[in-house]
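Structure record follows, encoded as structure tokens.
All of the numbers you see were taken from the coordinates with simple rules; none came from a lab. Everything numeric in this text was worked out from a predicted model, so none of it was measured. Virtual Cβ from ideal backbone geometry, glycine too; neighbours counted across all protein chains shown.
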Amino acid sequence: MDMTLDRDSAAQRIWELYGKLLHTVAASLLPGHPEDAEECVQDAVWAYVDAPEKWDPAKGSERTYLCVLVRSRALDRRRRLAARREEPLEDHAGALRAEDHTEEAALRDGLRRALAELSQAERQLFTLRFLYQWPSAEIGHTLGLSANGVDARVVRLRRKLKNLLARQGLGWSGKEDGP
């Protein structure tokens, strides 16, 4: 029982000292996913409380160490979310247009059909670039590519999507800012 109290009091001390900062770190890496951000913070705090000997004060402050723990967990969570995320097509229905003013549902179906013709790697790139709006460097880091390699793939993906949508009588007027 005494060990549990020590563990809980250590966690409480961390929450009081660094809770707001740790939440800020996680939330900045997981925008739109507050539950995931909270879970990353909790995981990091309990990992630290359960193994405080892993922190080396000679390498940095307790605060910095905790921020690194949270950041690492949040980046891992973001990668997992990006890898399995279903694309909510409603987010980009406004960027599509149909020459005959087809209903929104038809636009979503057309985009779904076009996305179904992409490879898994192309769908992942579509999600990271057009839905998450990640910069090239961040996508490259996640996918193991250079930023220039990402830019080249985005250009090819745009061209392919434009052709796939055109075959269905749909045009894509949306263009992101920058490469």
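Can you tell me how much longer the chain between Arg63 and Gln42 gets when fully stretched, taken as 0.36 nm per residue apart minus their C-alpha distance, in nm with one decimal?
On the way: separation 21, 0.36 × 21 = 7.56 nm, distance 1.48 nm.
This chain segment gains 6.1 nm when fully extended.
If R0 is 22 Å, what FRET efficiency do you get for Arg112 and Tyr132 from their C-beta distance, rounded to 0.05?
On the way: r = 19 Å, r/R0 = 0.84.
For Arg112 and Tyr132, the calculated efficiency is 0.75.
Could you order the peptides 123-129, 106-112 from most to least packed, using the average number of other C-beta atoms within 10 Å per residue?
Output ranking for 123-129, 106-112: 123-129, 106-112.
Assuming 1.567 mPa s and 4 °C, estimate D for the range 2-84 with Stokes-Einstein, Rh taken as the Kirkwood radius over Cα pairs, in µm²/s. Display every interim value, and only then the final one.
Details: Rh = 13.1 Å.
Translational diffusion coefficient: 99 µm²/s.
Put a dot 7 Å past each Cα toward the Cβ at Glu53 and Glu35; how far apart are the dots in nm?
For the pair Glu35/Glu53, the computed spacing is 3.7 nm.
Could you check the spin-label model distance between Lys162 and Asp8? Points 7 Å from the Cα along Cα→Cβ, value in nm.
6.2
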